[in-house]
Amino acid sequence: MKDVSSLMQTQLKADCIDFLNTVADVAELNQVSVYVVGGFVRNLLLNIQNLDIDLVVEGDGISFANKLAEKIDARTKSHEKFRTATLMLQDRTKVDVATARTESYSRPAVLPDIEPSNIKQDLARRDFTINSMAIKLSGKGIFFLIDLFEGEIDLKNGLIRVLHDQSFVDDPCRIFRAIRFEQRFEFIIEDQTQHFIRSAVKINLIDQLSRDRFIKEIKILLNEVAPIKCVDRMRELSLFDTIVPEILKEDFHWAIMKNIEGALALADKIPMPKKPEAWFVYFHAMLMVKNGEVFEGMMKRLNLAKNIDMRLHSAQKCFIEAMSDLKEEKELKPSEVYDIFSKQSPEVVILILAACPNNRVKKYVELYFTKYFASAKINLNGDDLIEMGMVPDSSFNDIFKALRDARINGHVTSRDEEVSLVESQFLK
Ligand code: CTP
C-alpha cells in the first residue's frame with residue numbers, strides 16, 4: 001500500500017483537503033472506516049482537477065452522511081433503497097456517500113440487488129481497474145492507496161480494463177463508459193475488454209438497457225469534450241449494429257458531424273435566447289438518414305422515451321424543411337430568413353450551420369439572432385385591429401404576418417406606419 005498524503009497535499013485545493021480532514025474526524029469519532037473512491041482517486045493520480053467526491057463507508061452510509069452534514073452544516077438527500085446519500089457543499093461540490101456493498105444482478109442489464117459489505121467487495125463490484133481504487137480516510141492506514149486490481153499500473157499504461165468477464169453483462173452502460181474514459185484520457189480499451197464489449201454487443205445487451213439508462217449514457221457520452229471521437233469508437237465497436245445498423249454508415253453523417261463543433265463555437269458568440277444542448281445535436285446527427293421511412297424504422301427500434309422521440313421527430317422535420325428552403329442559392333429577404341429560423345430549435349440551427357458550412361447561411365443565422373429576431377416585434381394587437389373596425393377571424397394572422405414582415409424588411413418602423421399599412425392593405 002502506498003501513502004498518497006503528500007500527493008493529496010500538493011494536488012488538492014485547500015478546501016478539499018479541509019473537507020477530507022473533516023471526514024476523517026467524523027469517521028474517527030464514530031468509529032467507522034471511510035474511503036474516498038472511484039473517479040476522485042483516478043483523477044488525483046492523473047493530476048486532474050476533481051469536481052465530485054465519492055465516499056464509501058464500512059457501516060451505515062446514510063447515518064454517516066447525516067453526521068458529516070451536521071458537522072459542516074450541509075444538506076443531505078438520502079436514498080434508502082441503495083443506502084446512499086448526497087451532500088451538497090457550500091462551493092457546490094457534490095459528495096456522494098455510499099454504504100460499502102456487494103452487488104448481484106438477477107438478470108443482465110437490470111439494476112443490481114445490493115448487500116452491505118466491506119471496501120474490498122465494494123471495489124470488486126466496480127467497472128474498470130482505474131475506477132476501482134480507494135484512499136482510506138480514517139484510522140490505521142489513513143491516506144494510503146488501496147489498489148487491489150492494479151489500477152495504478154493501468155493508469156500509467158493508459159488502459160481501460162474490466163475486473164471480470166461478466167462486467168458488461170451485469171451492466172451494459174459500462175460499454176459507453178469504457179468508450180468515454182478511453183477517449184477522454186486518450187487511453188486504449190485493453191484487448192480482452194474490447195473482446196467482452198464485442199460479445200456483449202453481439203448478444204444485444206445494449207438493447208436490453210432501460211430507455212432511461214440508455215439515453216442517460218448517450219447524453220453523458222455526447223457531452224464529453226471530444227464527442228466525435230466517442231461516436232467514431234461506437235461505430236468501430238459496432239455498438240448499434242443490432243439495433244439501428246443504418247446509422248453512421250454514410251459519409252454525410254461525418255461531414256455534418258465534423259462541423260458541429262465549429263457551429264457550436266459560432267453559436268456561443270451569437271446572442272441566442274436559448275443555448276443549444278450539444279449532446280442532442282450530436283445524437284440527432286447520428287440518427288440523420290436521408291430516407292424518411294428508414295428514419296421511422298430506426299426510431300421505432302430505438303423505442304426512446306416519448307419526449308426524446310418527439311423532440312427528434314420534430315427536429316428532423318424542421319431540419320429537412322429548412323434545408324429545402326435554403327437550397328436555392330438566391331438571396332433571401334430578411335422576412336424569409338425570419339420565417340426559416342423562427343421555427344427552429346437552437347439544436348436544429350446548429351445542424352443547419354453544420355450541414356451548410358458556407359458564409360451565406362452563417363450570415364443568415366447571425367442576422368436572424370442579432371437583428372431580425374428583435375425587429376419582428378409589432379405594436380398593433382388584436383384590440384387595435386378591432387378598434388379600427390375589423391372583425392376578428394383568421395385574417396388577423398395574415399395581418400400580423402404582413403406587419404411582422406414589413407417590420408423585419410424595414411418597410412415600417414413605427415406604430416403609425418403599421419396603422420397605415422393595415423389601412424392600405426386590409427381595410428377596404
Ligand atoms: N461505477 C461502476 N459502474 C457504473 C457506474 C459507476 O462501477 N456503471 C463506479 C466506478 O467506480 C466510478 C464510480 O462508480 O468511478 C462513480 O461513478 P461516476 O460518478 O459515474 O463516474 P466517475 O468515475 O466519477 O467519472 P466522471 O469523471 O465521468 O464523473
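The values are calculated or read from the model by the stated rules, or taken from the named source; none is laboratory data. Note that this is a predicted model, so its numbers are computed, not measured. Positions of Cβ are generated from backbone atoms using ideal geometry, with glycine treated the same way; all protein chains shown enter the neighbour counts. Just so you know, the surface numbers come from the protein's heavy atoms only, side chains and all, with ligands and any DNA or RNA stripped out. Shrake-Rupley method; radii C 1.70, N 1.55, O 1.52, S 1.80 Å.
Going through segment 28-46 one residue at a time, which ones are within 12 Å of the ligand (Cβ to nearest atom) and either part of a helix (DSSP H, G or I) or modelled with pLDDT under 95 (or both)? If you could, list the steps in order and put the result at the bottom.
Filtering segment 28-46 for residues within 12 Å of the ligand (Cβ to nearest atom) gives 35-44, 46.
Result: G39, F40, V41, R42, N43, L44, L46.
Would you say K81 is assigned to a strand (DSSP E or B), of a type outside the set (A, V, I, L, M) and open to solvent by 70 Å² or more (accessible area, probe 1.4 Å)? Step through it out loud before you land on a result.
Working: assigned to a strand (DSSP E or B): no; of a type outside the set (A, V, I, L, M): yes; open to solvent by 70 Å² or more (accessible area, probe 1.4 Å): yes.
No; evaluated as a whole, the condition is false for this residue.
Identify, please: which residue in segment 138-165 is under 27 Å from the mean Cα position of the chain (by Cα) and more than 27 Å from S33 (Cβ to Cβ) and is, among those, nearest to the ligand (Cβ to nearest atom)?
Residue satisfying both the conditions and the ranking: I160.
Okay, residues lined up against (1) β-branched (V, I, T); (2) over 30 Å from A406 (Cα atoms):
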{"site": "K274", "(1), (2)": "no, no"}
{"site": "M288", "(1), (2)": "no, yes"}
{"site": "M299", "(1), (2)": "no, yes"}
{"site": "I320", "(1), (2)": "yes, no"}
{"site": "I352", "(1), (2)": "yes, no"}
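Could you say which residue among L205, L248, L222 is within 23 Å of S167 (Cα to Cα), more than 17 Å from the chain's Cα centre (by Cα) and among the aliphatic types (A, V, I, L, M)? Step through it out loud before you land on a result.
Numbers: L248 fails: within 23 Å of S167 (Cα to Cα); L222 fails: more than 17 Å from the chain's Cα centre (by Cα).
One residue alone meets the criteria, L205.
Looking for whichever is closer than 28 Å to L264 by Cβ and of a type outside the set (G, A, S) here; the options are I408, I378, I399, I386. Which one fits?
Answer to the check: I408.
For the subset of segment 343-368 comprising residues that are of a type outside the set (A, V, I, L, M) and more than 25 Å from the chain's Cα centre (by Cα), which member is most open to solvent (accessible area, probe 1.4 Å)?
Start the filter on segment 343-368 by keeping residues that are of a type outside the set (A, V, I, L, M), which leaves 343-347, 356-360, 362-364, 366, 368.
Now narrow it down to the ones that are more than 25 Å from the chain's Cα centre (by Cα): 358-360, 362-364, 366, 368.
Numbers: N358: 57, N359: 120, R360: 32, K362: 78, K363: 85, Y364: 3, E366: 68, Y368: 11 Å².
So, considering only residues that are of a type outside the set (A, V, I, L, M) and more than 25 Å from the chain's Cα centre (by Cα), the one most open to solvent (accessible area, probe 1.4 Å) is N359.
Restricting the search to segment 95-137, which residues are within 12 Å of the ligand (Cβ to nearest atom) and either farther than 22 Å from R161 by Cβ or basic (K, R) (or both)?
Once the filter is applied, which keeps residues that are within 12 Å of the ligand (Cβ to nearest atom) and either farther than 22 Å from R161 by Cβ or basic (K, R) (or both), segment 95-137 yields V95, D96, A98, R101, L111, R125, R126.
Kindly provide the set of residues from segment 101-151 that are in contact (Cβ under 8 Å) with a residue 12 or more places away in the chain and among the small types (G, A, S), ordered by number.
A109, S117, A124, S132, A134, S138, G139, G141, G151
Considering only segment 1-17, how many residues are surrounded by 11 or more Cβ atoms within 10 Å (Cβ to Cβ) and assigned to a helix (DSSP H, G or I)?
We begin by selecting, within segment 1-17, every residue surrounded by 11 or more Cβ atoms within 10 Å (Cβ to Cβ); these are 2-5, 7-9, 11-13, 15-17.
If we keep only those that are assigned to a helix (DSSP H, G or I) as well, we get 5, 7-9, 11, 15-17.
So the answer is 8.
Which residue is most open to solvent (accessible area, probe 1.4 Å), if the candidates are limited to segment 18-39 and must be farther than 21 Å from L123 by Cβ and under 34 Å from the mean Cα position of the chain (by Cα)? Show your work before the answer.
At the first step, the residues of segment 18-39 found to be farther than 21 Å from L123 by Cβ are 18-19, 21-22, 25-26, 28-31.
Imposing the further condition that a residue be under 34 Å from the mean Cα position of the chain (by Cα) reduces the set to 18-19, 21-22.
Numbers: D18: 91, F19: 14, N21: 64, T22: 29 Å².
Selected residue: D18.
Determine, yes or no, whether R92 is touching a residue at least 24 places away in the same chain (Cβ under 8 Å), within 16 Å of the ligand (Cβ to nearest atom) and among the basic types (K, R). Show your work before the answer.
Values: touching a residue at least 24 places away in the same chain (Cβ under 8 Å): no; within 16 Å of the ligand (Cβ to nearest atom): yes; among the basic types (K, R): yes.
Taking the combined requirement at face value, the residue does not satisfy it.
Going by the conditions given, is L51 surrounded by 15 or more Cβ atoms within 10 Å (Cβ to Cβ) and either at pLDDT 95 or above or not small (G, A, S) (or both)?
Values: surrounded by 15 or more Cβ atoms within 10 Å (Cβ to Cβ): no; either at pLDDT 95 or above or not small (G, A, S) (or both): yes.
No; evaluated as a whole, the condition is false for this residue.
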